[in-house]
Amino acid sequence: MIDLHTHSIFSDGDLIPSELVRRAKVMGYRAIAITDHGDHSNVDFIIPRIVKVCHKLSDAYSIRVIPGIELTHVPPQYICELASECRQLGARIIVVHGESIAEPVITGTNMAALQSPIDILAHPGLITAAEAFMAAEKSICLEVSARKGHGMTNGHVVRMARAANASLVLNTDAHAPQDIIGKEFALKVATGAGMTEHEIETMFRNSELLVERALRMA
Ligand SMILES: [Zn+2]
Ligand SMILES: [Zn+2]
């Protein structure tokens, strides 16, 4: 299992990074990105600390631990500049908190994110065809979410990604120990979203490619 969207106590997760990673390892994870909620107030605080612990945990356990950030409710006009700043601070997986129907994320967030140097547009909700085509053009992955609420539009996201030939990744958006899932449950979520076996395989491969790209940023 590879999971590129998780939260620790550096935002609203329950666990410190060390316990999050240990529990992920026990659940059979090969790689995990820690992507706490960030905006202009905190990215310079969170990212260097996450970078530091990711190095230690990757060394200590046989699991790739990747420092990241999830830009969350950042006004669309500031997403691009803040994403660049996060990259400079050491974030190797940049997620943007997309227009989930479970939250009042401001309209325009999906499109602004897709015009920024990011890796994953998380839970993009009722993503439009134009946005899905932009994701394909920019090689930004769209997320199939295993999280309650955000996952309500997975079927729509899959359909739009399929039409636009955009890449998908499946993440948990884990905030607590019980949110960490095994591959078996990930398969159920993907199948429930209407994906074929071949599409699911490609999606899991996309996560591997993102891990490889993140590691090359070293
Ligand atoms: Zn989010
Ligand atoms: Zn999240």
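Name the residue that is farthest from Asp12 (Cα to Cα), counting only residues in segment 29-62 that are part of a loop (DSSP other than H, G, I, E, B) and modelled with pLDDT under 95.
Residue satisfying both the conditions and the ranking: Ser62.
Quick one: in segment 132-146, of everything that is at negative phi and out of contact with any strand residue (DSSP E or B) (no Cβ under 8 Å at 6 or more places or on another chain), which residue is surrounded by the most Cβ atoms within 10 Å (Cβ to Cβ)?
Just the residues of segment 132-146 that are at negative phi, to begin with: 132-138, 140-146.
Retained after the next criterion (residues that are out of contact with any strand residue (DSSP E or B) (no Cβ under 8 Å at 6 or more places or on another chain)): 133-134, 136-138.
Numbers: Phe133: 16, Met134: 20, Ala136: 17, Glu137: 12, Lys138: 15.
Among them, the one singled out is Met134.
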Q: Of the numbered conditions (1) among the aliphatic types (A, V, I, L, M); (2) over 14 Å from Thr72 (Cβ atoms); (3) touching a helix residue (DSSP H, G or I) at 6+ places or on another chain (Cβ under 8 Å), Val96 fails exactly one; give the number of that condition.
A: (2)
Q. Could you list, in sequence order, the residues of segment 191-200 that are part of a helix (DSSP H, G or I) and either under 14 Å from Val157 (Cα atoms) or within 18 Å of the chain's Cα centre (by Cα) (or both)?
A. Thr191, Gly192, Glu199, Ile200
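Has segment 90-103 got at least one residue that is touching a Leu at 6+ places or on another chain (Cβ under 6 Å) and more than 16 Å from ligand 2 (Cβ to nearest atom)?
Initially, segment 90-103 is screened for residues touching a Leu at 6+ places or on another chain (Cβ under 6 Å), giving 93, 96, 98.
Then keep just the ones that are more than 16 Å from ligand 2 (Cβ to nearest atom); that gives none.
Within segment 90-103 (the criterion being touching a Leu at 6+ places or on another chain (Cβ under 6 Å) and more than 16 Å from ligand 2 (Cβ to nearest atom)), the answer is no, since none of the residues qualifies.
Can you tell me which residue among Glu70, Glu81, Glu99, Glu19 is of a type in the set (Asp, Glu) and within 19 Å of Ser207 (Cβ to Cβ)? It would help to see each step written out before you state the result.
Details: Glu81 fails: within 19 Å of Ser207 (Cβ to Cβ); Glu99 fails: within 19 Å of Ser207 (Cβ to Cβ); Glu19 fails: within 19 Å of Ser207 (Cβ to Cβ).
Exactly one of Glu70, Glu81, Glu99, Glu19 is of a type in the set (Asp, Glu) and within 19 Å of Ser207 (Cβ to Cβ), namely Glu70.
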Q: Looking only at segment 10-28, count how many residues are loosely packed, with under 15 Cβ neighbours inside 10 Å, outside any helix (DSSP H, G or I) and not aliphatic (A, V, I, L, M).
A: 2
Q. Looking only at segment 147-157, which residues are buried (at least 21 other Cβ atoms within 10 Å of the Cβ) and either out of contact with any Ser or Thr (no Cβ under 8 Å at 6 or more places or on another chain) or touching a residue at least 60 places away in the same chain (Cβ under 8 Å) (or both)?
A. Val157
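The values are calculated or read from the model by the stated rules, or taken from the named source; none is laboratory data. Remember, it's a predicted structure, so these values are computed and weren't measured experimentally. Methodologically, a virtual Cβ is constructed for each residue, glycine included, from the backbone with ideal geometry; neighbour enumeration extends over all protein chains shown.
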